[in-house]
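Step one of this worksheet: look at the structure below.
The values are calculated or read from the model by the stated rules, or taken from the named source; none is laboratory data. What you see is a predicted model, and the numbers here were worked out from it, not measured in a lab. In this analysis, Cβ positions are derived from the backbone assuming ideal geometry, glycine residues included, and neighbour counts consider all displayed protein chains. Quick note on the areas: whole protein, heavy atoms, side chains included, nothing else; ligands and nucleic acids left out. Shrake-Rupley method; radii C 1.70, N 1.55, O 1.52, S 1.80 Å.
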Amino acid sequence: MPDLSLSQFFGLASCPWWLPPLALLLDLLLADPKRLPHPVQGIGWLAARLEGPARRAGHPLAAGGLVMGVLLCVTGGAVMALVNLPHGLGILAALYFSWSGLALGGLLREGAAALRVVERAAEDPGSLAEARNAVQMLVSRDTGAMDANDLCRSLAESVSENLNDAFVAPFFWLLLTGPVGLWLYKCASTMDSMWGYRNERWLLLGRAAARLDDVLAWIPARLTVLLMLMTARIARVFHAAFFANMSVPLPGWPGWGTVARQARLSASPNAGWPMAAAAWLFNGRTGGPTPYHGQMVQKPVMGPDQGRWTVAGTAALIRYARWTGITAGILGTVLFWSAGVP
């Protein structure tokens, strides 16, 4: 009788215990090589080709759900076929899809590069236009009128939110379901970033993508807070030995209740969690008036009352995001070993 177990369906036979930590190591060291094609580009290309037929169908809510289903089938089927290739090709494919599905390395590099430009702008206002352009590449809000403090806040919000979206959530699904499950999540996340806007154009067509992404990222978003807090406490304990050149967070951690209450103020069921945690850990303050497409949007305020994102605080967040990834890698590997994964 054929093996129809969940592990075989998701390709976990191609996911030995060392695959997730090795994928994380490659991501931190190499990020995404610019010259290699990336699977997200393929998902985006197919989504763009299906938008026209979906809109002509006349039922945007159903059509959006159908497109989401087609993309999940194509993505999952392609990855499953490749990770089950014989003669060692499958394990190479699994390594590639595991590595390319994580984006922590790219997030850290791009965030740090943009912050260096913002730091120059804080000292030399003549560099402000360059700093605004650098941050604009990483955020969806309008940065054209922002000062250095606003740019730091924008970077901090982007890094903290994407710590979940670009790393913790895909790493969670990699650990749980292997490369196939990781790319099912990445497919939903990519579609949400393309179609999941709450405006007239996308509200119905992108609803399936937005809701699926909300569901798949729900647990990881809360795990992100736990990992950030664990990393901060580890740094505090071993500060003298390993973190002497780094400021230690936790200036006034208010407890889970306050973080959860503020996180729930966000329009997204998930984005507020890592942003609220980052604000409290690094004495920042997220939310407030934020310009989008020529309009000022009042986002919910999270963090301490007197908090403010500075260059130093944003730099600390980026450094600790790396250590949070390492904490997740070590913890995930231990859990893999404890579960008896081969």
**Study point:** Listing of helices (runs of 4 or more DSSP H) fully contained in region 126-238 that carry 3 or more residues being of a type outside the set (S, T, N, Q) and open to solvent by 60 Å² or more (accessible area, probe 1.4 Å)
**Key:** 207-216, 218-237
Check your understanding: What pairs come up if the first residue lies in region 212-235 and is in contact (Cβ under 8 Å) with a residue 24 or more places away in the chain, the second is open to solvent by 60 Å² or more (accessible area, probe 1.4 Å) and in a helix (DSSP H, G or I), and their beta carbons are under 6 Å apart, counting only those six or more places apart or on different chains?
Key -> T231/W323
Revision key, fill the gap. Scanning region 298-321 for residues that are under 18 Å from the mean Cα position of the chain (by Cα) and closer than 18 Å to W273 by Cα gives T314, L317, I318, Y320, A321
**Study point:** Qualifying residue in region 282-292 (condition: among the polar types (S, T, N, Q), modelled with pLDDT of 90 or more, open to solvent by less than 50 Å² (accessible area, probe 1.4 Å) and not in a strand (DSSP E or B))
**Key:** no
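Could you identify the single residue in R109, R116 that is more than 30 Å from V70 (Cα to Cα), free of Cβ contacts under 8 Å to residues at least 40 places away in the same chain, surrounded by fewer than 18 Cβ atoms within 10 Å (Cβ to Cβ) and basic (K, R)?
On the way: R109 fails: free of Cβ contacts under 8 Å to residues at least 40 places away in the same chain.
It is R116.
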Practice item. Can you confirm whether region 52-61 contains a residue that is modelled with pLDDT under 95 and touching a Lys or Arg at 6+ places or on another chain (Cβ under 7 Å)? Key: yes
Review point. If you take the residues in region 62-79 that are aliphatic (A, V, I, L, M) and out of contact with any helix residue (DSSP H, G or I) (no Cβ under 6 Å at 6 or more places or on another chain), which one is nearest to A94 (Cα to Cα)?
Key: A78
Check your understanding: Taking the condition of a type outside the set (K, R) and open to solvent by less than 40 Å² (accessible area, probe 1.4 Å), does A81 pass?
Key -> no
**Study point:** Only listed residue being at pLDDT below 85, under 20 Å from L163 (Cβ atoms) and open to solvent by 10 Å² or more (accessible area, probe 1.4 Å), chosen from P251, P300, P269
**Key:** P251
Point to revise | Filter pass, L36 being aliphatic (A, V, I, L, M), over 19 Å from the mean Cα position of the chain (by Cα) and loosely packed, with under 13 Cβ neighbours inside 10 Å | key: yes
